[in-house]
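Heads up, the thing below is written out as C-alpha cells.
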Amino acid sequence: MSPGGRDREPCPRGREGTSVRKDAEFFGERDAELIYIAKKLSEAKALEALLTSAGLDYLVEPDQYFGGIIFQRARIGAFFYVPAEAAAHARQVMEAGGYRPQKALSEGATAQPG
C-alpha cells in the first residue's frame, strides 16, 4: 500500500511485458524521429496512453518551441520521439486516434533526442 492507503497502479506495460516509454539511453546511436509536440499536459498524457496501448517504444522530452501568431514567445512542450523504423506506424496509430503527427523528415534526415 502506498502512503494514503491506496494501492498504486502498475506501470503501463507494452509488448512482452516491457515498458514502452523509454529514456534517451535506449535510443543510443539509433536514429529517432520527432512525431509530435504536445502543448498541454493532458494532451501528452493522452498520447502516452495511445502509444503505450499500441505497444510502440517512444521517448518524451520537454523542450522549447515557439508559439503565437502575432506575439511569438518560447513555450515548453512535450516532444515525442520514436525509433525511425517505427515512425510510419506511429503516425498511422496517431492519425487513427485523432492526432495530427509531425510530418516525416526528408529521406536520410534524422533527429537525436536530448
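The values are calculated or read from the model by the stated rules, or taken from the named source; none is laboratory data. No experiment lies behind these values; they were computed from the predicted model shown. Don't worry about glycine lacking a Cβ; one is built from the backbone with ideal geometry, like all the others, and counts go over all protein chains shown.
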Only one of 33, 48 is under 14 Å from residue 20 (Cα atoms), among the acidic types (Asp, Glu) and under 11 Å from the mean Cα position of the chain (by Cα). Can you tell me which? 48
Looking at residue 76, is it over 20 Å from residue 30 (Cα atoms), out of contact with any helix residue (DSSP H, G or I) (no Cβ under 9 Å at 6 or more places or on another chain) and assigned to a loop (DSSP other than H, G, I, E, B)? no
Which pairs turn up if I take residues in segment 86-104 that are surrounded by 12 or more Cβ atoms within 10 Å (Cβ to Cβ) and look for partners that are hydroxyl-bearing (Ser, Thr, Tyr) and modelled with pLDDT of 95 or more with beta carbon separation below 7 Å, at least 6 apart in sequence or on another chain? 94/36; 99/36; 101/36; 102/36
Restricting the search to segment 60-79, which residues are in contact with an Asp or Glu (Cβ under 8 Å, 6 or more places away or on another chain) and either exposed (fewer than 10 other Cβ atoms within 10 Å of the Cβ) or touching a residue at least 40 places away in the same chain (Cβ under 8 Å) (or both)? 77, 78, 79
Of 20, 82, 60, the only residue that is modelled with pLDDT under 90, under 13 Å from the mean Cα position of the chain (by Cα), of a type outside the set (Phe, Trp, Tyr) and under 22 Å from residue 101 (Cβ atoms) is 20
For residue 43, indicate whether it is of a type in the set (Asp, Glu) and part of a helix (DSSP H, G or I). yes
